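The values are calculated or read from the model by the stated rules, or taken from the named source; none is laboratory data. None of the values given here were measured: they were computed from a predicted structure. Cβ: placed from backbone, ideal geometry, glycine included. Neighbour counts: every protein chain shown. SASA here: full protein model, heavy atoms, side chains in, ligands and nucleic acids out. Shrake-Rupley method; radii C 1.70, N 1.55, O 1.52, S 1.80 Å.
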Amino acid sequence: MNVKNIILPSVIIVISLVALYFISQFAVPSFQDASVGSKFFPTAIAVIQIIICVCIILGEIFHKDPQQDSAPLFNKYSIFGAVFIIGYATAIYFLGYLAATLLAFFLYLVFFKTTKRYYYLIAIVFTLVIYYVFANVFYVALPEGLFAGLFYD
């Protein structure tokens with residue numbers, strides 16, 4: 001049994017449970033007439049994370065083949081992932097969804113040295129489609145960011 005495959009999913013389950021607690025505290029916007037509330041998508045993601053992590057833990061427990069894994073717990077990809085997530089959450093707060101997501105996609109593609117231009121085009125189109133669907137289909141206001149007032153006033 002690989003201990004890393006038990007510890008990380010356990011930590012993610014705890015973080016997801018904490019997130020579920022805070023998601024339950026979200027206020028319902030009175031100006032929004034949406035088919036789903038602001039709690040739906042974060043709750044769905046947290047629940048899916050918990051299910052996936054439980055499956056990983058069960059798979060590792062019932063895996064009969066003893067495995068010796070000498071790979072380090074932290075490598076440049078795991079550190080990049082942690083910094084990327086924290087940076088993206090911070091960027092959404094300051095820049096808003098649209099700018100932060102475009103920036104995050106580009107930084108991700110540059111980090112992995114992607115040279116195919118259509119990947120960058122897919123990142124732009126995907127971000128714009130998600131923004132459109134949330135704003136015009138679900139009527140869910142995505143974060144505008146702290147600096148939005150500088151550009152719209």
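Each residue in segment 96-119 was checked for being more than 21 Å from Lys76 (Cβ to Cβ) and touching a helix residue (DSSP H, G or I) at 6+ places or on another chain (Cβ under 7 Å), and 6 of them qualify. Could you say whether any residue in segment 39-46 is closer than 27 Å to Val137 by Cβ, open to solvent by 90 Å² or more (accessible area, probe 1.4 Å), out of contact with any Ser or Thr (no Cβ under 7 Å at 6 or more places or on another chain) and at pLDDT below 85? Yes, segment 39-46 contains at least one residue that is closer than 27 Å to Val137 by Cβ, open to solvent by 90 Å² or more (accessible area, probe 1.4 Å), out of contact with any Ser or Thr (no Cβ under 7 Å at 6 or more places or on another chain) and at pLDDT below 85.
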